[in-house]
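Have a look at the structure below before the remarks.
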Amino acid sequence: MKIKTEMTLTENSIQLLLDKGEKINIFTAATIDSAATGLFLTFKKRKFQSVSLQPTKTDTVIQLIPAKEVATNDLLVSIQLTVKNQKITPAADYKELKNFLEKVILLLNTFDYPLISQKKAAVKVQHRWKKAFADTPFFVDDFGSKAKIIWQKRNEMRIEKGAILRRDYVLNKDGSVGLNARMGTQLRQEQAKFIENFVTTEDIILKSVNEIGLFLYFGGTNSWLVLKDTDGKTIDEYASVK
């Protein structure tokens, strides 16, 4: 499935506007207006918790606003059945509903908020920050980019000034700009005053290893295996929880 979307990033949210006017808004550590409309999915530590017509305070709230052809109540029931791996009973607008639900599942998987539990989830590598990491510099020297990174706090990774950014990105087979390229471009636009001719002029703080990869080389690979110390030991080896 190919999805066209416009994305807006803020400090505590990711807002996606899809091609038919549907919206998917991911709120982290943000207060949602109790009068907000749509359907609301709650996640705790990236695990699905519930779906309802009212927003609930938790780690992450994802607001779904479907196109007018899709009834919100039908979408709610369909998500409940999908999570339980039960068959969805077709409604009059099932084609539009099914199309939107497929988009939701794909995009949430992309942002690591899986709606459907995968068998492989139990063996997925988890990573944890430790204070000792703040004394260990990690380096990127790949994909046309080069940088020194300090993981100074759990949600703070500092790219030291003088980092070299990849100049271009790979287009999709149909010539369109992919999601990673758009996210990386958005991150660079937010730090534009600290970038000159694809070189950073000041230290830059980002939140995660994935953001580091998107910012430096537009992602497209497992960045936990790209960042390495002076001996070639990956940041994954440092932080993975056995």
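The values are calculated or read from the model by the stated rules, or taken from the named source; none is laboratory data. What you are looking at is a predicted structure, and each value in this text was computed from that prediction instead of being measured. Note: ideal-geometry Cβ built from the backbone for every residue, glycine included; neighbour counts use all protein chains shown.
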Check: Any idea which of (1) touching a Gly at 6+ places or on another chain (Cβ under 9 Å); (2) assigned to a loop (DSSP other than H, G, I, E, B); (3) modelled with pLDDT under 95 is the one Arg166 doesn't satisfy?
Finding: (3)
Notebook entry, point to check: Of the residues that sit in segment 189-219 and are small (Gly, Ala, Ser) and under 13 Å from the mean Cα position of the chain (by Cα), which one is surrounded by the fewest Cβ atoms within 10 Å (Cβ to Cβ)?
Noted result: Ser208
Next item on the list: Those residues that are under 21 Å from the mean Cα position of the chain (by Cα), farther than 13 Å from Phe100 by Cβ and either of a type in the set (Val, Ile, Thr) or surrounded by 14 or more Cβ atoms within 10 Å (Cβ to Cβ) (or both), I need them from segment 35-45; list them, please.
Entry: Phe40, Leu41, Thr42, Phe43
Next item on the list: Of all residues in segment 48-71, count the ones that are hydroxyl-bearing (Ser, Thr, Tyr) and crowded, with 19+ Cβ neighbours inside 10 Å.
Entry: 1
Notebook entry, point to check: Going by the structure shown, is Lys146 at pLDDT 90 or above and surrounded by fewer than 17 Cβ atoms within 10 Å (Cβ to Cβ)?
Noted result: no
Notebook entry, point to check: How many residues does segment 176-224 hold that are small (Gly, Ala, Ser) and within 19 Å of Ile3 (Cα to Cα)?
Noted result: 6
Next item on the list: Looking only at segment 72-95, decide whether some residue is part of a strand (DSSP E or B), modelled with pLDDT of 85 or more and exposed (fewer than 12 other Cβ atoms within 10 Å of the Cβ).
Entry: no
Note to self: I want to confirm something. Restricting to segment 206-242 and keeping residues that are free of Cβ contacts under 8 Å to residues at least 24 places away in the same chain and of a type outside the set (Gly, Ala, Ser), which single residue is farthest from His127 (Cα to Cα)?
What the structure shows: Asp231
Check: Of the residues Phe111, Phe100, which is surrounded by 15 or more Cβ atoms within 10 Å (Cβ to Cβ), closer than 22 Å to Ser208 by Cβ and not small (Gly, Ala, Ser)?
Finding: Phe111
Note to self: Here's a check for you: in segment 10-22, which residue that is crowded, with 16+ Cβ neighbours inside 10 Å and more than 20 Å from Lys57 (Cβ to Cβ) is nearest to the chain's Cα centre (by Cα)?
What the structure shows: Leu16
Check: Can you pull out the residues in segment 21-43 that are at pLDDT 85 or above and either farther than 19 Å from Thr82 by Cβ or outside any strand (DSSP E or B) (or both)?
Finding: Gly21, Glu22, Lys23, Asn25, Phe27, Gly38
Checklist line | Residues of segment 144-163 satisfying the condition of being touching a residue at least 24 places away in the same chain (Cβ under 8 Å), more than 15 Å from Val226 (Cα to Cα) and in a strand (DSSP E or B) | finding: Lys153, Glu156, Arg158
Notebook entry, point to check: If you scan segment 167-184, which residues turn out to be over 14 Å from the mean Cα position of the chain (by Cα) and either surrounded by 17 or more Cβ atoms within 10 Å (Cβ to Cβ) or among the aromatic types (Phe, Trp, Tyr) (or both)?
Noted result: Tyr169
